[in-house]
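Structure first, commentary second.
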Amino acid sequence: MFQHLEPYAGDPILGLNEAFQKDPRPGKVNLSIGIYFDDAGRIPVLECVRRAEAQMLAESGPKPYLPMEGLAAARSAVQELLFGADHEAVKSGRIATLQTIGSSGGLKVGADFIARWFPGAEVWVSDPTWDNHRAMFEGAGLKVHSYPYYDPASGGVRFDAMLQTISGLPAGSVVLLHACCHNPTGVDLSREQWQALIPVLRKQRLLPYLDLAYQGYGDGIDADAFAPRALADAGIAFFIANSFSKSMSVYGERCGALSVVCTDAAEAALVLGQLQATVRRNYSSPPIHAAGIIARVLGDRELRALWEADVAAMRERILSMRRSLHAILAAKLPGRELGYFLSQRGMFSYTGLSAAQVDRLREEFGVYLIRSGRICIAGLNSGNVERAAEAIAAVMR
Ligand code: LMR
């Protein structure tokens with residue numbers, strides 16, 4: 001029955017993470033997947049999450065199905081987090097928000113919604129982008145193209161070329177944008193560049209789709225929400241999928257959301273209805289445990305303060321690892337331009353290493369990164385940064 005199936009080549013990120021787990025070498029270093037590890041190399045359990053879970057356990061209530069759109073308290077907390085409680089778009093009820101299965105679940109529900117209600121719309125993603133973006137939108141039946149983004153020569157954004165491509169897109173095209181901490185390059189649009197892009201999106205009647213998976217890892221929780229706020233201020237309709245996997249260190253709990261900012265509350269109600277229908281056809285409703293974590297951590301003043309402090313500490317630790325890695329490499333590779341390690345933001349650095357150099361790092365030194373040359377800086381710690389930097393310098397020589 002199944003002999004005609006093609007064997008699955010495996011996922012370039014998840015597969016590598018699994019290969020790392022199986023590697024018996026004691027000195028191995030995992031810089032592959034976008035997960036925050038602490039200085040001891042462990043995935044932290046944040047105190048705010050521990051306390052939220054203790055409260056949930058103590059209450060030990062029944063576990064009904066959540067509504068298709070998720071828990072109301074989690075949904076409104078997400079809107080306030082993304083846009084600010086006083087934002088006109090929040091107050092006027094013109095945002096349709098769903099609690100989703102991580103932001104991947106949100107991206108997929110949004111992609112299915114677009115395929116159904118904007119037939120013929122094509123999707124444009126940055127070159128490069130997160131490996132799964134293309135697969136996810138193509139999986140929903142949409143055609144995917146890319147717009148120029150990363151400039152390997154300068155280590156910055158090819159902003160003029162990006163703007164030129166986007167200015168030529170047909171109305172109704174979907175433009176996927178990373179709200180902060182671009183994955184995989186770590187190179188973000190500046191606020192001035194967002195302000196230059198927004199009128200183009202509006203004039204061309206394009207449909208922006210933001211992915212915000214690393215909120216808090218760039219400049220801060222509010223600062224990293226600059227893009228969705230600026231788009232909402234401009235009165236543009238858009239999608240935003242956001243995740244708490246990294247910011248609350250709750251990867252396997254699948255805490256995320258999808259919000260669609262609409263023109264008015266009546267339109268948002270229409271959109272919410274069709275998003276509910278999309279969820280029902282996919283997985284019916286999101287997990288109740290995830291809802292409890294999101295609603296409590298964001299909604300309780302004390303837990304919220306603990307969370308904000310933890311996000312700041314995680315961001316700072318990554319910055320300190322960026323500085324250490326840069327300092328060691330600069331000492332070992334004098335004269336080499338390495339400033340990008342410091343200017344890139346969030347968990348990732350795009351090293352410019354070739355696939356052959358990446359393979360050598362893994363095989364010879366036990367240092368794992370994905371073949372695009374992206375490294376997850378959050379996999380570095382005071383115990384392994386020296387070793388990892390030496391290995392990287394060895395293959396860069
Ligand atoms: C990554 O890019 O490494 C993360 O977003 C994890 C994933 O699902 O790929």
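The values are calculated or read from the model by the stated rules, or taken from the named source; none is laboratory data. The structure presented is a predicted model; accordingly, all values stated were derived computationally and were not measured. Backbone-built Cβ (ideal geometry, glycine too); neighbour counts: all protein chains shown. In case anyone asks, the SASA skips ligands and DNA or RNA and just uses the protein heavy atoms, side chains included. Shrake-Rupley method; radii C 1.70, N 1.55, O 1.52, S 1.80 Å.
Gain on full extension, evaluated as 0.36 nm per residue between Asp86 and Arg191 minus their Cα-Cα distance, stands at 35.7 nm. Per residue, the accessible area of the chain comes to 43 Å² when a 1.4 Å probe rolls over the protein heavy atoms.
Of all aspartates and glutamates in the structure, those lying under 15 Å Cα to Cα from Lys332, and not within fewer than 8 positions of it along the same chain, are Glu386, Glu390.
Taking amide H positions as modeled 1.01 Å from N, with prolines and chain starts lacking one, the residues under 5 Å from His145 and 5 or more places away or on another chain are Val123, Trp124, Val125.
Extension gain for the segment Ala305 to Ala234, taken as residue separation times 0.36 nm less the Cα-Cα distance, is 22.5 nm to one decimal. For the chain, the longest principal axis of the C-alpha atoms and the axis of helix 355-365 are separated by about 60°. Spin-label model, Arg202/Leu319: points 7 Å from Cα along the beta carbon direction are separated by 3.3 nm.
Using θ = phi - 60° in the Karplus curve 6.51 cos²θ - 1.76 cosθ + 1.60, the 3J(HN,Hα) couplings for region 192-205 round to 5, 5, 4, 5, 7, 6, 4, x, 5, 4, 5, 4, 7, 6 Hz; x is entered for Gly and Pro. Cα convex hull, region 5-139: 245 Å³ per residue, rounded to a whole number. Per-atom-type breakdown for region 130-186 gives carbon and sulfur 47% of the accessible area (1.4 Å probe, protein chains only). In this simple spin-label approximation, Ala356 and Met396 carry label points 7 Å from Cα along the Cα→Cβ vector, and these lie 1.9 nm apart. Note on region 147-224: Kirkwood radius taken over Cα pairs, Stokes-Einstein applied at 10 °C and 1.306 mPa s, translational D equal to 121 µm² s⁻¹. With the alpha-carbon atoms of region 291-397 aligned to their principal axes, the span from lowest to highest coordinate is 51, 25, 23 Å, starting with the largest. Evaluated at q = 0.09, 0.10, 0.12 Å⁻¹, a Debye calculation over the C-alpha positions of the chain (equal weights, vacuum) places log10 I(q)/I(0) at -0.54, -0.67, -0.97. For the set Lys22/Lys246; Lys28/Lys246; Lys63/Lys91, the pairs lying more than 27 angstrom apart at their alpha carbons are Lys63/Lys91.
Taking R0 as 35 Å, what FRET efficiency do you get between Arg42 and Asp222 from their Cβ-Cβ distance, rounded to the nearest 0.05? Efficiency at R0 = 35 Å is approximately 0.80. The largest-to-smallest principal axis extents of the Cα set in region 189-337 are 59, 42, 30 Å.
For region 200-294, the fraction of 1.4 Å probe accessible surface lying on carbon and sulfur atoms is 50 percent. Can you return the aspartates and glutamates within cross-link range of Lys108? Criterion is Cα-Cα under 12 Å, with same-chain partners fewer than 8 residues away left out. The reachable aspartates and glutamates, counting only those whose Cα sits under 12 Å from Lys108, are Glu138, Asp211. Largest GNM mean-square fluctuation among Gly110, Gly252, Gly41, using the chain with Cα springs under 10 Å: Gly252.
For the chain, the longest principal axis of the Cα atoms and the long axis of helix 72-83 meet at an angle of about 60 degrees. Across region 81-202, the fraction of Cα-Cα pairs farther apart than 17 Å, rounded to a whole number, is 63%.
As a length-normalised measure over Cα pairs under 8 Å and 6 or more apart, the relative contact order of region 12-98 settles at 16 percent. Between helix 288-299 and the chain there is an angle of about 90 degrees, using the helix long axis and the longest principal axis of the Cα atoms.
Taking every C-alpha pair closer than 8 Å and separated by at least 6 residues, the mean separation divided by the residue count of the chain gives a relative contact order of 26 percent.
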